[in-house]
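Peer 1: One structure is given below, represented as structure tokens, and several questions about it will come after.
Please treat every number below as a calculation from the coordinates, not as lab data. In this text the structure is predicted, and so the values were computed from the model without any measurement. When we count neighbours, we look across all protein chains shown, and the Cβ atoms used for this are built from the backbone with ideal geometry, even at glycine.
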Amino acid sequence: MKSINEAFEEICLKHKYIRPVNRASDALYIILKKIQTKSKKIAISEICCHDILAAVIEAGWEPFLVDISPKRGSPSINSYRAAIHQGCSVILVTNLYGNPENIKQLSQLCAENKVEVVEDLAQSLGAKVRNKLLGTFGKHVIISFGKTKQFPIGNGLLMTNNEEIFDYAKAFTIDKFSLVETPKFRKSYFVAQKKLFETNSFDSFKNIHKEIKIKKIKYDLPKVKTFKQNLKKFKNELSLRRERFLTLKEILEKKGFNIGLLKEGAIPWRLNCWYGNRNYLESKEISDNLRKKNIRVSHWYIPLSAFLSGDKISCEGAKMFNKGLIQFWLDKRAEEKEYNLLNKIIM
Ligand SMILES: Cc1ncc(COP(=O)(O)O)c(C=O)c1O
């Protein structure tokens with residue numbers, strides 16, 4: 001398997017323009033501000049980061065949320081086809097948790113319908129479809145190197161073949177704009193999550209994303225060659241992540257967890273698994289117990305339609321996928337410390 005810096009280099013070569021940005025959400029915002037399309041309606045997966053929803057809305061676009069298959073954790077080609085019929089002129093391909101979506105078929109569908117594809121590699125840098133790297137299929141790519149990602153070297157990148165988008169990206173970053181979660185958003189999110197645990201209701205999430213704004217802030221961005229340099233310290237991470245997934249899978253299966261898919265070509269972000277048919281509070285309690293034993297675990301994304309319409313959401317696939325979802329880390333620290341601890345725990 002290639003090293004991450006070789007894979008990254010190959011993706012870079014496919015694009016005429018590459019611009020560092022403060023974060024991947026900014027890259028999407030920039031693309032949407034300048035892309036020329038028939039409509040301003042974008043298809044995004046129900047399960048994605050809420051900052052992406054905020055970037056879409058800040059750019060003046062209408063989000064069209066596409067439900068996921070609970071088994072695969074991603075939208076089907078048919079649901080993307082339906083989104084195109086509903087007037088979407090851009091599709092953001094999320095490749096959630098490092099699992100590549102069917103980008104080959106999707107690119108063809110989009111080309112036939114004059115729909116633009118944005119490849120989101122926030123969680124899937126280095127992943128492949130039939131031996132071809134994600135990020136080499138479409139004209140526009142967004143990448144996040146945020147601190148929770150597989151390669152947490154900081155900031156993000158926008159890649160495009162569109163000069164107007166590139167020029168705007170330069171202006172946007174020279175003026176130091178970025179998408180920011182305000183303290184009011186963070187507080188509302190915390191309260192909404194607490195309400196979800198207490199009442200199983202999504203209503204408190206409604207509209208809180210409106211407190212995530214494009215603002216002028218302070219940041220300094222590295223040059224593209226610095227990203228390449230910094231990725232070298234994760235040289236073998238692509239194959240190591242898959243190996244760690246398989247090691248952890250064996251440990252967790254013995255403890256009665258159901259393990260999520262590791263698709264061919266995936267570079268897993270975290271290991272998704274389910275421990276029985278739990279509600280949000282029950283799975284949080286399982287996680288809290290694991291955390292007390294120094295094992296890091298995380299959870300679900302709130303389905304994005306909860307932010308738009310609270311409890312009136314109909315994303316059955318996303319809700320089913322989330323039910324009892326627990327995510328274990330797959331980084332070096334997990335391998336060195338947490339898998340041993342986990343082996344000793346009686347569930
Ligand atoms: C799938 C996905 N896309 C985009 C983003 C946004 O990345 P950033 O935080 O760099 O804006 C995230 C962040 O969590 C993500 O998980």
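Peer 1: Give the residue, chosen from Asp67, Asp26, Asp51, that is among the acidic types (Asp, Glu) and over 22 Å from Tyr219 (Cα atoms).
Peer 2: Asp67
Peer 1: For the range 68-86, name all the residues that are of a type outside the set (A, V, I, L, M, F, W, C) and within 14 Å of the ligand (Cβ to nearest atom).
Peer 2: Gly73, Ser74, Pro75
Peer 1: Residues that are within 16 Å of the ligand (Cβ to nearest atom) and either surrounded by fewer than 13 Cβ atoms within 10 Å (Cβ to Cβ) or more than 20 Å from Thr199 (Cα to Cα) (or both): does the range 253-261 have at least one?
Peer 2: Yes, the range 253-261 has at least one match.
Peer 1: If you don't mind, another one. Out of (1) outside any helix (DSSP H, G or I); (2) surrounded by 18 or more Cβ atoms within 10 Å (Cβ to Cβ); (3) not aromatic (Phe, Trp, Tyr), what's the single condition that is false for Lys114?
Peer 2: Just one mismatch for Lys114, condition (2).
Peer 1: Residues of the range 140-168 being of a type outside the set (A, V, I, L, M) and near the ligand (Cβ under 10 Å from one of its atoms), which ones?
Peer 2: Within the range 140-168, Ser144, Phe145, Gly146, Lys147, Thr148, Lys149, Gly154, Asn155, Gly156 qualify.
Peer 1: In the range 87-100, is there at least one residue being closer than 23 Å to Asn258 by Cβ, touching a residue at least 60 places away in the same chain (Cβ under 8 Å) and away from the ligand (no atom under 14 Å from the Cβ)?
Peer 2: There is no residue in the range 87-100 that is closer than 23 Å to Asn258 by Cβ, touching a residue at least 60 places away in the same chain (Cβ under 8 Å) and away from the ligand (no atom under 14 Å from the Cβ).
Peer 1: Still on this structure: Can you name every residue in the range 262-282 that is polar (S, T, N, Q) and crowded, with 22+ Cβ neighbours inside 10 Å?
Peer 2: Hit for the range 262-282 is Asn272, nothing else.
Peer 1: Select from the range 17-67 the residues that are of a type outside the set (A, V, I, L, M), within 16 Å of His140 (Cα to Cα) and within 16 Å of the ligand (Cβ to nearest atom) and write down the one among them that is surrounded by the fewest Cβ atoms within 10 Å (Cβ to Cβ).
Peer 2: Restricting to residues being of a type outside the set (A, V, I, L, M), within 16 Å of His140 (Cα to Cα) and within 16 Å of the ligand (Cβ to nearest atom), the top hit is Lys33.
Peer 1: In the range 289-339, which residues are surrounded by fewer than 20 Cβ atoms within 10 Å (Cβ to Cβ) and farther than 27 Å from Ile251 by Cα?
Peer 2: Leu308, Ser309, Gly310, Asp311, Lys312, Ser314, Glu316
Peer 1: Would you mind finding the one in Ser178, Ser201 that is surrounded by 13 or more Cβ atoms within 10 Å (Cβ to Cβ) and away from the ligand (no atom under 14 Å from the Cβ)?
Peer 2: Ser201
Peer 1: Moving on. For Tyr189, are the conditions met, namely being of a type in the set (Ser, Thr, Tyr) and either assigned to a helix (DSSP H, G or I) or closer than 16 Å to Cys49 by Cα (or both)?
Peer 2: Judged against the criteria, Tyr189 is a match.
Peer 1: Within the range 117-138, track down each residue that is among the charged types (D, E, K, R), within 17 Å of Leu13 (Cβ to Cβ) and crowded, with 19+ Cβ neighbours inside 10 Å.
Peer 2: Glu119, Lys128
Peer 1: Select from the range 204-258 the residues that are of a type in the set (D, E, K, R) and on the phi > 0 side of the Ramachandran plot and list them in ascending order.
Peer 2: Those that are of a type in the set (D, E, K, R) and on the phi > 0 side of the Ramachandran plot: none in the range 204-258.
Peer 1: Wholly within the range 222-335, which helices (runs of 4 or more DSSP H) include no fewer than the required count, namely at least 1 residues that are touching a His at 6+ places or on another chain (Cβ under 7 Å) and either within 26 Å of Arg130 (Cβ to Cβ) or not aromatic (Phe, Trp, Tyr) (or both)?
Peer 2: Fully inside the range 222-335 and qualifying: 280-292.
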